[in-house]
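For reference, the structure discussed in these notes is given below.
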Amino acid sequence: MAYARLDRREQLTGWAFIAPALVLLGLFMIYPIIWSLWMSFQVGKGMNLSFGGFANIERLTKDPVFLRALGNTFIFFIIQVPIMITLALLFAVALNDSTLRFRGLFRTAIFLPCVTSLIAYSTIFKSMFATDGVVNQALMALHIIGSPIGWFTDPFWAKVIVILAITWRWTGYNMIFYLAALQNVDRSIYEAARIDGVPAWARFTHITIPMLKPVILFTTVISTIGTLQLFDEVYNFTAGSGGPSDSTLTLSLYIYNLTFKFMPSFGYSATVSWVIVVLVGILSFLQFLVARDRRRT
Amino acid sequence: MSSLKLSGVRKSYGHVEVIKGVDLEIKSKEFVVFVGPSGCGKSTLLRMIAGLEHISAGDLEIGGTRMNDVDPSKRGIAMVFQSYALYPHMTVRENMGFALRFAGVAKDQIARQVQDAARILALEPLLDRLPKELSGGQRQRVAIGRAIVRNPEVFLFDEPLSNLDAELRVHMRIEIARLHKELQTTVIYVTHDQVEAMTLADTIVVLRDGVIEQVGRPLDLYDNPANQFVAGFIGSPKMNFLAASIVEKSAGSVTVALRNHSGVQFTVPASGGAVGEDVTLGVRAEHFGEPGAGAADIRLNVDVAEHLGSTSYVYANAGGESLIIEREESRNEMGQEHITVSISPERAFLFDSKGQRIR
Ligand SMILES: Nc1ncnc2c1ncn2[C@@H]1O[C@H](COP(=O)(O)OP(=O)(O)OP(=O)(O)O)[C@@H](O)[C@H]1O
Ligand SMILES: [Mg+2]
């Protein structure tokens with residue numbers, strides 16, 4: 001670089017300006033991250049820790065509960081993220097139609113869930129899907145089911161409810177990104193396509209989706225991270241157990257239980273945390289790979 | 001190659017009527033230009049023909065078939081937008097061939113049609129580029145190519161050149177004129193640039209506030225405007241308007257006195273008008289003559305003179321009226337404070353107080 005080097009005093013001044021932020025970041029982010037990596041090689045219970053090498057990683061492979069949590073998390077991720085992204089896209093396109101009446105109302109209604117209190121909505125979901133809850137009563141009144149379904153006692157339905165809940169909560173959040181992107185699209189592109197006889201479905205798949213690709217990638221990565229860290233909903237629905245019989249246990253909930261519920265096993269729970277980090281890394285990388293412009297960059 | 005017919009066409013947005021009853025017939029292969037000031041409804045009318053806007057009242061026929069409720073893609077039209085409206089993620093080739101895929105055209109046939117259009121528009125070296133890798137003029141050619149590929153009966157253009165720089169505009173204007181000759185299709189072209197209108201059109205439609213002011217061939221509008229609005233709109237520089245009143249009337253002519261030039265009066269051929277009526281005299285900048293060459297001379301204060309080489313424009317005033325006078329280049333007149341020019345009544349127009357022509 002041809003710039004004149006800053007002299008020492010100016011350099012110091014610069015560092016002094018960013019020092020407070022740097023110290024805080026270091027203290028509350030970088031240090032814990034490095035410490036947790038160190039922790040993940042520690043074995044033992046409570047405060048009684050010792051270096052165990054790869055013992056924790058070995059334990060992972062033999063821990064049925066961990067494998068269960070990993071499997072559950074994957075199921076949530078594989079099913080929930082695509083459903084939510086697709087729904088958010090469809091809502092965004094529908095609510096971008098300038099001829100639709102009450103657009104603002106619908107937009108707000110769909111966005112609102114993600115700003116509601118987590119506890120409030122969990123509680124309402126719990127009561128709605130209780131054995132004598134409104135959902136069972138409605139389904140029975142319509143003669144769709146003969147006897148109440150135990151939503152939270154059936155392993156399959158428990159997962160469905162969790163997926164339903166997080167989809168309800170986060171679809172509107174993703175939709176806002178798509179709406180913002182759509183509003184930047186030149187309207188005449190769609191008009192040209194209409195005049196040229198491109199059918200509506202093809203306008204969606206061949207024009208809207210490619211044009212929203214960067215935003216779709218962004219929301220997919222964000223949602224992937226969110227789902228891999230899924231904790232609050234399952235904790236609230238199952239009183240922290242991940243039940244019935246671990247069928248809704250997620251990695252995050254397992255980490256929580258390992259740390260605060262069972263005999264604390266800090267080293268091992270740090271290892272599980274790093275599993276999430278690695279998974280997020282791999283999945284995001286894969287998503288970038290898939291979304292890469294095939295023709296040119 | 002279709003004719004068009006609009007009868008009593010209207011358009012309202014809520015309570016606001018923006019197209020107020022348009023009747024127009026467009027012959028097959030005709031190049032029709034809609035001109036008018038901004039907001040007069042040119043685009044709206046074009047978009048109604050395209051089917052992008054619903055027609056509130058009246059009938060639209062294309063090729064003898066009523067098209068009011070026909071889907072835009074089934075009207076036999078293609079449209080070129082001011083913003084080009086290219087698909088940003090598709091190459092030039094894909095942009096041009098995209099719509100054909102949904103019309104059931106075979107792959108090799110699409111390739112052939114795209115190739116043909118690319119040849120006509122000199123786009124062949126650019127076929128594998130994305131729109132963002134093209135210049136404005138090239139993008140506009142792709143947009144035109146996309147329209148050509150569909151082989152439409154009627155081309156619609158909405159201010160296709162207004163995003164281009166002056167030089168490219170002239171070039172593309174000639175290009176479009178050549179295309180029209182080559183393809184022999186009906187063209188409806190919207191612009192507010194009257195040079196484009198004068199040079200491209202077989203027929204010009206002058207619009208104002210959602211109504212047609214006049215329809216005619218370019219030179220007819222220039223030589224024979226129906227009213228003061230058209231007279232002022234067609235022609236560059238703008239026609240000069242001088243306040244006057246009729247002082248005497250005889251068979252086939254009236255004598256007018258200019259309000260801001262006391263004592264100046266002369267007879268103008270016209271059979272309408274009444275004595276005492278306030279009128280406006282219209283004189284084009286290029287129709288002022290040397291002193292003594294016309295029926296009367298007027299003396300003006302010079303504000304500014306622009307010397308362009310072959311011609312000069314003198315901006316002058318008298319009694320609060322601003323006039324533009326076109327002169328042959330006259331370097332020795334530079335710096336003058338006053339100018340005297342003559343008016344030739346046979347080249348002047350008379351308008352009544354409502355702006356209608358008095359003939
Ligand atoms: N969607 C709409 N809702 C309400 N009014 C509209 C709408 N679209 C256009 N208008 C009005 O209709 C009138 C005509 O608009 P239009 O776009 O046809 O003008 P234009 O002649 O094409 O002008 P320009 O030369 O600036 O493009 C304008 O007064 C405009 O405000
Ligand atoms: Mg317009």
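The values are calculated or read from the model by the stated rules, or taken from the named source; none is laboratory data. The model shown is predicted, which means the values in this text are computed figures rather than measured ones. Cβ atoms come from the backbone with ideal geometry, glycine included; neighbour counts cover every protein chain shown. Quick note on the areas: whole protein, heavy atoms, side chains included, nothing else; ligands and nucleic acids left out. Shrake-Rupley method; radii C 1.70, N 1.55, O 1.52, S 1.80 Å.
Can you give the FRET efficiency for A:Ser245 and A:Thr61, using 1/(1 + (r/R0)^6), R0 = 25 Å, r = Cβ-Cβ distance, to the nearest 0.05?
E(calc), rounded to 0.05, equals 0.70.
Output ³J(HN,Hα) for the stretch A:118-131: one whole-Hz value per residue in order, computed from phi by the Karplus curve 6.51 cos²θ - 1.76 cosθ + 1.60 with θ = phi - 60°, and x for Gly and Pro.
My calculation for the stretch A:118-131 gives 4, 5, 4, 6, 4, 5, 5, 4, 4, 6, 4, 9, 5, 4 Hz in order.
Apply the Karplus curve 6.51 cos²θ - 1.76 cosθ + 1.60, θ = phi - 60°, to the phi angles in the stretch A:90-102 and return the couplings in whole Hz, x for Gly and Pro.
4, 4, 4, 5, 4, 7, 8, 5, 6, 8, 6, 7, 6
Rounded, prolate or oblate: which fits the protein assembly as shown, taking a ≥ b ≥ c as square roots of the Cα gyration tensor eigenvalues, rounded meaning a/c under 1.5, else prolate when a/b beats b/c?
Here the protein assembly as shown falls in the prolate category.
How big is the gap, in Å, between the Cα center of the stretch B:201-222 and the Cα center of the stretch A:182-240?
47 Å
From the helices alone, meaning DSSP H stretches of at least four residues, give me the mean residue ellipticity at 222 nm for chain B, per-run term -39500 (n - 2.57), in deg cm²/dmol to the nearest 500.
Mean residue ellipticity, 222 nm, calculated: -7000 deg cm²/dmol.
Can you give me the distance in nm between label points at A:Phe285 and B:Glu346, each placed 7 Å from the Cα along the Cα-to-Cβ direction?
9.0 nm
By the gyration tensor of its Cα atoms, with a ≥ b ≥ c the square roots of the eigenvalues, what is the shape of the stretch A:62-296: rounded for a/c under 1.5, prolate for a/b over b/c, or oblate?
It is oblate, given that a/c is not under 1.5 and a/b is not larger than b/c.
Would you mind giving the mean number of other chain beta-carbons within 10 Å of the Cβ of each residue in B:83-92, as a whole number?
The per-residue average across the peptide is 5.
Please give the FRET efficiency for A:Gln137 paired with A:Lys213, using the beta carbon to beta carbon distance and R0 = 35 Å, rounded to the nearest 0.05.
0.20
Report ³J(HN,Hα) in whole Hz for each residue of the stretch B:5-14, in order, from the Karplus equation J = 6.51 cos²θ - 1.76 cosθ + 1.60 where θ = phi - 60°; Gly and Pro get x.
My calculation for the stretch B:5-14 gives 9, 10, 10, x, 6, 10, 9, 10, 9, x Hz in order.
How large is the helix-only mean residue ellipticity at 222 nm for chain A, computed as the sum of -39500 (n - 2.57) over DSSP H runs with n ≥ 4, divided by its residue count, in deg cm²/dmol to the nearest 500?
The per-residue figure over chain A is -21000 deg cm²/dmol.
Show the residues, 5+ positions off or on another chain, whose built amide H is closer than 5 Å to the amide H of B:Gln214.
Placed amide hydrogens put B:Val206 under 5 Å from B:Gln214.
Using a 1.4 Å probe on protein heavy atoms only, how many Å² of accessible area do A and B hide from each other, summed over both chains and rounded to 100?
Chains A and B together bury approximately 2000 Å².
Between the stretch B:272-338 and the stretch A:117-144, what is the C-alpha centre distance in whole Å?
86 Å
Can you work out the accessible area per residue across the stretch A:62-296, with the rest of the protein chains kept in place, probe 1.4 Å, in square angstrom?
49 Å²
Can you give me the long-range amide H partners of B:Phe157? Hydrogens built in the peptide plane at 1.01 Å from N, cutoff under 5 Å, separation of 5 or more residues or another chain.
Under 5 Å from the amide H of B:Phe157: B:Val80, B:Ile188, B:Tyr189, B:Val190.
Once you sort the root eigenvalues of the Cα gyration tensor of the stretch A:1-157 as a ≥ b ≥ c, which label holds: rounded (a/c under 1.5), prolate (a/b larger than b/c) or oblate (the other case)?
Values: a/c = 2.98, a/b = 1.42, b/c = 2.10.
Because a/c hits 1.5 or more and a/b fails to exceed b/c, the stretch A:1-157 counts as oblate.
List the residues whose amide H sits under 5 Å from the amide H of B:Gly294, counting only those 5 or more places along or on another chain, with H placed 1.01 Å from N in the peptide plane.
Residues meeting the criterion, in which the H sits 1.01 Å from N, are B:Ile343.
Once you have the Cα-Cα distance between A:Val115 and A:Ile149, take 0.36 nm times their residue separation minus that, and quote the gain in nm to one decimal.
9.3 nm
Measure out, as a whole number of angstrom, how far apart the alpha-carbon centroids of the stretch B:85-150 and the stretch B:1-34 sit.
Using only Cα atoms, the two centres lie 30 Å from each other.
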